[in-house]
Amino acid sequence: MRRIRQWRVICKVMSSSVTLTDAGLSTQLSIYTSKKIDGHPLWASRFLLTDKDICISVHRDFVRAGSKIIRTNTYQASVPGFMKHMNVSQQDAIKVIKESVSLAKQAIAEEEDICGKKLNVQVAGSVGPYGAYLHNGSEYTGSYCKEVTKEELIEWHRPRITALVDGGVDLLAVETIPCSIEALAVIQLLTKEFPNVKAWISFSIKNESQISNGEEFAEVANTIWEVGSKQLIAVGANCVNPIYVTPLFTALIKKNATIPFIAYPNSGEIYDGVEKKWIEKDNTRKMTDFVEEWLNLGISYIGGCCRTTSNDLQEIAKKIKNWENKIV
């Protein structure tokens, strides 16, 4: 059995191509503005209303760095969130979320004009967890997961997903999910109401084996894949300390090596949801130092999350290219 599992991993590594996603949108956006981003209830999503040109610039930075999938600036966006914190109507909130797709596509088109060729970059609609709307750091603990039902989560996610799909996304990035019930709610919503929409689901992580609410990553990821494989392009982890990626996916490989994996860690710093600030990392290795071992695990989609930038993407792109040259 062990030899069979190892052979599956080797076959997966040798046959799969690697797709570079993007990096931390808020971090990259901070290059263009002196306005405080971290700590606001809408974080970077409010710039969809106040600074659209900056949003386009950030997307362009990621495309220029080599990203083949860029996410819309909607992780912290929601219809009730825009209505509450930006004083807009429900109709206008939906319009803003739809327009986020157009801004990402405009960035791609502008880079294609400069390059004089088609870049084949896809737009993924960023779908953050319910905890991000609560603005209390609970997407990193999953503390709300026992207080809401699957039906309530479906109702909450529906307006944003509808707006993103109507806006023309190529797929959805369902990310930083801290518990299985929310992942299952999104899958049920997609299956019943958006059967032609592809997505990935990535979890926020507590340690080297558990997602944020304490459930085992390998168990949850495998269950999610079994339930949603018809529409999922990958399952994985994001905004995770890079030191946890290898043990997390090693355990998942033992459970099911055939799942397409996605990983886009943060820099290793920890976000304090109470103080609304990032705490310095305590490890000396950069996030990009881990890339080759992730590639050897067969992770198909790699990028960065919070506190990573387009510079990190350029370095990851080089490592992917070098690695692919080695296995050819």
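A few comments on the model shown:
- All positions within region 63-121 that are surrounded by 14 or more Cβ atoms within 10 Å (Cβ to Cβ), of a type in the set (K, R) and over 24 Å from the mean Cα position of the chain (by Cα): K84
- When region 69-94 is limited to residues that are touching a residue at least 40 places away in the same chain (Cβ under 8 Å) and of a type in the set (D, E, K, R), the one that is nearest to Y264 (Cα to Cα) turns out to be R71.
- Check on V186, open to solvent by 30 Å² or more (accessible area, probe 1.4 Å) and in a helix (DSSP H, G or I): no
- Within region 306-317, the set of residues being part of a loop (DSSP other than H, G, I, E, B) and open to solvent by 10 Å² or more (accessible area, probe 1.4 Å) comprises C306, R307, T309.
- Odd one out for N136 among (1) open to solvent by 70 Å² or more (accessible area, probe 1.4 Å); (2) farther than 24 Å from R46 by Cβ; (3) part of a loop (DSSP other than H, G, I, E, B): (2)
- Counting only helices (runs of 4 or more DSSP H) that sit completely within region 41-96, those holding 2 or more residues that are modelled with pLDDT of 95 or more and farther than 20 Å from G128 by Cβ correspond to 52-65.
- Taken across region 147-161, residues that are open to solvent by 20 Å² or more (accessible area, probe 1.4 Å) and touching a Ser or Thr at 6+ places or on another chain (Cβ under 9 Å) do occur, with at least one present.
- Pairs with Cβ under 6 Å, 6+ apart, first in region 285-309 and within 24 Å of D38 (Cβ to Cβ) and of a type outside the set (D, E, K, R), second open to solvent by less than 10 Å² (accessible area, probe 1.4 Å) and in a helix (DSSP H, G or I): M287/P242; T288/I316; T309/Q28
- Selection status of T162, in contact with a helix residue (DSSP H, G or I) (Cβ under 9 Å, 6 or more places away or on another chain) and outside any helix (DSSP H, G or I): no
- Restricting region 11-40 to residues that are part of a helix (DSSP H, G or I), open to solvent by less than 90 Å² (accessible area, probe 1.4 Å) and farther than 24 Å from S310 by Cβ, the residue that is modelled with the highest pLDDT: K12
The values are calculated or read from the model by the stated rules, or taken from the named source; none is laboratory data. The model shown is predicted, which means the values in this text are computed figures rather than measured ones. A quick note on method: Cβ atoms are made from the backbone with ideal geometry, for glycine too, and the neighbour counts reach across all protein chains shown. Ligands, DNA and RNA are excluded from the accessible area calculation, which covers all protein heavy atoms including side chains. Shrake-Rupley method; radii C 1.70, N 1.55, O 1.52, S 1.80 Å.
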